[in-house]
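The values are calculated or read from the model by the stated rules, or taken from the named source; none is laboratory data. As the structure is a computational prediction, the values presented were derived from the model and not from experiment. Here the Cβ is made from the backbone with ideal geometry for all residues, glycine too, and neighbour counts use every protein chain on show.
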Amino acid sequence: MVKTENGFMAEWETADYAAGHHFNSANPGENGNVVISGHHNIKGKVFNRLWELKPGDEIKLYNARGEIFTYVVNEVLLLREKGASEEERRAHARYMNPTSDPTLTLISCWPPWSNTHRVIVIAKLKEGSVANKPDKS
């Protein structure tokens, strides 16, 4: 939590040299919003080209059991952060909210040489996308 003039505000830390799965978001393949954030121009640059994704592109997401989930990009948003009002920033944060359907939300900063905007990629689980299920025997 960070103290501001208007009280306390939640703030998350982005993992260094890795993409971080938000602890209160869904797991891959589940109904709900899987939220993952990563740096784009420092500390591993794991999402340095995230903004280049386009609707229809596929994203493969692996879980700890080795299952592979395919999500299809629906939207790529570039949202102004620097100079944005608190109301605008709260509106942007809604993309991290839980969903009723299997959703993947990837978050980083933009443009490549700065951090003035957020890039948010929203993808939906492709029907029948679980491949490489581990042997349960």
Does Ala64 count as surrounded by 12 or more Cβ atoms within 10 Å (Cβ to Cβ), of a type in the set (Gly, Ala, Ser) and in a loop (DSSP other than H, G, I, E, B)? no
Scan the range 85-100 for residues that are of a type in the set (Asp, Glu) and modelled with pLDDT of 95 or more and report the count. 0
Considering residues that are closer than 18 Å to Gly38 by Cα and either in a strand (DSSP E or B) or touching a helix residue (DSSP H, G or I) at 6+ places or on another chain (Cβ under 9 Å) (or both), the number found within the range 49-61 is 3
When you look at Arg80, is it under 21 Å from Ala26 (Cβ atoms) and of a type in the set (D, E, K, R), yes or no? no
Looking at Thr70, Thr99 in this structure, which one is under 20 Å from Ala26 (Cβ atoms), in a loop (DSSP other than H, G, I, E, B) and of a type in the set (Ser, Thr, Tyr)? Thr99
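Can you work out which of the residues in the range 94-111 that are loosely packed, with under 13 Cβ neighbours inside 10 Å and not polar (S, T, N, Q) is farthest from the chain's Cα centre (by Cα)?
Checking each candidate, the answer is Asp101.
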Surrounded by fewer than 17 Cβ atoms within 10 Å (Cβ to Cβ) and either within 19 Å of Trp110 (Cβ to Cβ) or modelled with pLDDT under 95 (or both): does that describe Glu58? no
Identify, by number, the condition in (1) surrounded by fewer than 16 Cβ atoms within 10 Å (Cβ to Cβ); (2) within 15 Å of Ala123 (Cα to Cα) that Arg89 doesn't meet. (2)
